[in-house]
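The values are calculated or read from the model by the stated rules, or taken from the named source; none is laboratory data. Keep in mind that this is a model prediction, so the values were computed, not measured. With ideal geometry, Cβ positions are generated from the backbone for all residues, glycine too; neighbour counts draw on all protein chains shown.
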Amino acid sequence: MTETPEETKPEPAAQASEAKSAQPAKPAKPAAADAEVSRRGFFSWAAVAWVGFTAAAGGCLTAWGRFMFPNVLYEPPTSFKVGPPSDFAPDAVDERFVESNGVFIVNDQGQLYALIAICTHLGCPPNWLEAQNKFKCPCHGSGYYRNGINFEGPTPRPLERAAISIDPDDGQVLVDKAQKFLWERGQWDDPSSFLTA
Ligand code: FES
């Protein structure tokens, strides 16, 4: 007996299975490539970590350097010589030491004293106006007589004096700004606040 064409035709499910198994197999990823990728990742993380470590170490080194070698503020000495008493003309204000040491040397009515060149209002440096015979502050207009007593503007009190003496070694006038004398406390009568010219 011969088979009919219907009997030899394969089932549709079997056909699909055969087609699937006929597709070429996907090639497996080589193990060496995987290792290469993970090695590259490791090195990039190591580089980031190294940069971070270097930056942190640099910061620590800078902080240590600043601790070991701090900034030093060089200020003019508070005590300094201004020359012999004969250098200061009577009834005059000497401005030679304002810029370098912040004092006016005043020879006034037989006394030599050092007025500190700081306005007693808010601390601006006053100017000596020879023609008007007064100190004038450029900030808010306070005015002081030649002896340092205030007479105009917002300042509440006179200029301050620095200690003044004669250096026994060379006879020069020695000024010491570390010691101040305030008129309102009666300190201008202190013999350390003036020299007899
Ligand atoms: S600071 Fe001199 S008047 Fe104000």
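Data table
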read-out: The one condition in (1) more than 16 Å from the ligand (Cβ to nearest atom); (2) surrounded by fewer than 18 Cβ atoms within 10 Å (Cβ to Cβ); (3) not β-branched (Val, Ile, Thr) that Asn107 fails to fulfil; value: (2)
read-out: Meets criteria (surrounded by fewer than 19 Cβ atoms within 10 Å (Cβ to Cβ) and closer than 15 Å to Glu95 by Cβ) for Asn127; value: yes
read-out: Any hit, region 131-139, residues being over 22 Å from Trp188 (Cα atoms), part of a helix (DSSP H, G or I) and at pLDDT 95 or above; value: yes
read-out: Residue, nearest to the ligand (Cβ to nearest atom), within region 134-169, restricted to residues that are loosely packed, with under 14 Cβ neighbours inside 10 Å and free of Cβ contacts under 8 Å to residues at least 24 places away in the same chain; value: His140
